[in-house]
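Below you'll find the structure, written out as structure tokens, and then a few comments.
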Amino acid sequence: MLPSYYEFSFPVKIISGHTALNNLPAELIQSNVQRPLIVSDPGVTKAGLAKIVIDAFAESGLTIGALYDQVPPESSTLVVNQLAALYRERECDTIIAIGGGSVIDTAKGINILVSLGGSDVRNYRGAETLPGPLRPFFVAPTTAGTGSEVTNSAVIADPEKGVKMLFVSEYLMPRTAFIDSRMTLTLPPKLTAATGMDALTHAMEAYISIQKNPLSDAFAWQAIRLIGANLRNVAQNPSDQEGRLALANASTMAGTAFSNSMVGCVHSMGHATGAVAHVPHGIAMNIFLPFGLEFNLERRADLIADLLLPLAGADVYAATPADQRARQTIAEVRRLKEDLHASTGLARSLQEAGVKPEQLEDIAKLAINDGSAMMNPEELRVEDALALAKRAYEHG
Amino acid sequence: MDTAAYQPIAPARKPFKRALNKTVLFVLGRSLQSLSRRDPLIKHEVAGWPHDFTLMLRIRPDGGAMAVTRTATGHLRYLGANYDESKADVVIYLKSIETAFAMLTGQLGIDVAYAQHGMCARGDLSYTVSVVRVLNITEAYLFPAFMSRRLMKRLPPIPGFRKHYLRIRTYLLGIAFGK
């Protein structure tokens, strides 16, 4: 059934391929910009990924205004403000982000300031209140999980106040995202598994969210299919370039899905677990996903049942009686977790991730105030969050 | 082409919906002030908000507004309809008079209104979920249960006697006097 009302925004051009970045300078020229500020982090430089981008500029006639590769693991308003000043000082006219969520969110923050003016990005925090389109910018993701290259939001920490600030606007999305398999080829197996489960969670939560719509469903469905078919293989064979490209595409599709229909309680629990116990986001998603699906089973059994087909394939779907498909979907997620644990050592429970039992209450209290909870089909109360955390502590 | 046939069209007014929206925003503001002193669920939520935290609801572009602020004693104080928007910590904008009318007359829940992009917000969104819970609890007092059930995923856990007592009290004293 169609929702009575929905919105869907996806203005990002996707360029996907094993050498997609070769066309980066051409895309800049097409967008009438010519002097980029490249934003990245030390890990990207160390892995040689910034060099791939710089090499693409050879014989292009375009000068790179500056390359900043010191973005911290958690993007900060301070860094954003400083980089907006650098952008102006070097007379840049566009930004290229090479990295994961933190780098991309930093680039989104810089783009707000250099497009709308001002010196402090904190003045623009809020949801859907940015006044008008921003300058075109470009993204090359180096993980296959966050989907930040196609999302309408950025989370940027304010180190002075010790809070994370949320910026939501369709204008935050880049002009073009380059899905280049070379950029994720060096990701270690465990990180590949964790980011893959992050993308799977984006897609599954988007598909059952109260903001779901037929267009986000289509993206979520394809993302789940690609992850179901490729994540195990790539975690075991990291040099599988076709599989890498499939997972990177899945991450982008899952990002498109949740950017237009939001995520739910798995993310609420994961964000809280990250804040309280410093469990990396992808690992937290891997731990909580089956429990989040179970929590929503009563309200969303039919939709969770649908997901068995893209996740496990036609044979498993056809062999499972209709009334057992929702449970089987959850069982397939657990089987995937077990397989990834066996091949990469990815933590299956909060206990394995190093969370202490006395931290569970704090996780629950924080989770119910996370914005993701609003679009979850079932209301997440503190007693529910605590029960989820306790189950996820002991079991996989 | 005779361009005289193609004149500008000024936006029509909807005085009934406009007046009703403004009235309900007043009722909501006074109810928040009153209930924040007596309902333990709202007290618990508001206790977590920063001192002087000011929340504003505004119907865009000029369809009415209301603001409440958290006092040092942990209660909410209604600041009226004409509070300076730039001083509010969070402003939740209702994008259209129709969305506002549906929300304020109990036809559209807050979660669904947000899912349908009926609202946008400026400022610190850290307390958004808590604010929504407070608004839902307040609506559970103002609307009968059959309406509230349509508006919320689950009704707030308010015991029956308290719900009836505070509902009557809010309608008799809270809205009129903010007590």
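The values are calculated or read from the model by the stated rules, or taken from the named source; none is laboratory data. If you're wondering where the values come from, they're calculated on a predicted model, not measured in any experiment. Backbone-built Cβ (ideal geometry, glycine too); neighbour counts: all protein chains shown. Note: accessible area is taken over every heavy atom of the protein model, side chains too, but ligands, DNA and RNA are not part of it. Shrake-Rupley method; radii C 1.70, N 1.55, O 1.52, S 1.80 Å.
Okay, residues lined up against (1) in a helix (DSSP H, G or I); (2) closer than 20 Å to A:ASN369 by Cα; (3) out of contact with any Leu (no Cβ under 7 Å at 6 or more places or on another chain):
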{"residue": "A:ALA229", "(1), (2), (3)": "yes, no, yes"}
{"residue": "A:VAL234", "(1), (2), (3)": "yes, no, no"}
{"residue": "A:ALA248", "(1), (2), (3)": "yes, no, yes"}
{"residue": "A:PHE258", "(1), (2), (3)": "yes, yes, yes"}
{"residue": "A:VAL266", "(1), (2), (3)": "yes, yes, no"}
{"residue": "A:ALA272", "(1), (2), (3)": "yes, yes, no"}
{"residue": "A:VAL279", "(1), (2), (3)": "no, yes, yes"}
{"residue": "A:GLY292", "(1), (2), (3)": "yes, yes, yes"}
{"residue": "A:ARG299", "(1), (2), (3)": "yes, no, yes"}
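Restricting attention to region B:25-43, does a residue exist that is of a type outside the set (Phe, Trp, Tyr) and more than 24 Å from B:ILE158 (Cα to Cα)? So far as region B:25-43 goes, no, none of its residues is of a type outside the set (Phe, Trp, Tyr) and more than 24 Å from B:ILE158 (Cα to Cα).
Would you check if there is a residue in region A:140-149 being touching a His at 6+ places or on another chain (Cβ under 9 Å), under 27 Å from A:ALA220 (Cα atoms) and open to solvent by 20 Å² or more (accessible area, probe 1.4 Å)? So far as region A:140-149 goes, yes, one or more of its residues are touching a His at 6+ places or on another chain (Cβ under 9 Å), under 27 Å from A:ALA220 (Cα atoms) and open to solvent by 20 Å² or more (accessible area, probe 1.4 Å). Would you confirm whether any residue within region B:125-134 is open to solvent by 20 Å² or more (accessible area, probe 1.4 Å), aliphatic (A, V, I, L, M), closer than 30 Å to A:ALA154 by Cα and free of Cβ contacts under 8 Å to residues at least 60 places away in the same chain? There is at least one residue in region B:125-134 that is open to solvent by 20 Å² or more (accessible area, probe 1.4 Å), aliphatic (A, V, I, L, M), closer than 30 Å to A:ALA154 by Cα and free of Cβ contacts under 8 Å to residues at least 60 places away in the same chain.
Checked against (1) in contact (Cβ under 8 Å) with a residue 60 or more places away in the chain; (2) in the same structural domain as A:SER169 (by TED's automatic domain parsing), A:GLU59 passes all but condition (1). Among the listed residues A:ALA84, A:ALA58, identify the single one that is assigned to a helix (DSSP H, G or I), small (Gly, Ala, Ser) and modelled with pLDDT of 95 or more. Within the list A:ALA84, A:ALA58, the selection yields A:ALA84. The C-beta contact set for region A:207-232 (first residue more than 14 Å from every other protein chain (Cβ to nearest Cβ) and under 16 Å from A:GLY243 (Cβ atoms), second residue of a type in the set (D, E, K, R) and part of a helix (DSSP H, G or I), distance under 7 angstrom, 6+ apart or interchain) comprises A:ARG232/A:ASP339.
Of the residues in region A:357-373, at least one is away from every other protein chain (no Cβ under 14 Å), more than 29 Å from B:LYS153 (Cα to Cα) and out of contact with any Asp or Glu (no Cβ under 9 Å at 6 or more places or on another chain). Quick one: would you say B:ALA4 is assigned to a helix (DSSP H, G or I) and at pLDDT below 95? In short, yes. When the strands (runs of 3 or more DSSP E) confined to region A:107-186 are screened for residues that are touching a strand residue (DSSP E or B) at 6+ places or on another chain (Cβ under 8 Å), within 14 Å of chain B (Cβ to nearest Cβ) and under 30 Å from A:GLY48 (Cβ atoms), those reaching at least 1 such residues are found at A:153-158. Taking region A:1-41 as the range and being away from chain B (no Cβ under 14 Å), open to solvent by 40 Å² or more (accessible area, probe 1.4 Å) and more than 20 Å from the chain's Cα centre (by Cα) as the test, the residues that pass are A:MET1, A:HIS18, A:THR19, A:ASN22, A:ASN23, A:ALA26, A:ILE29, A:GLN30, A:ASN32, A:GLN34, A:ARG35.
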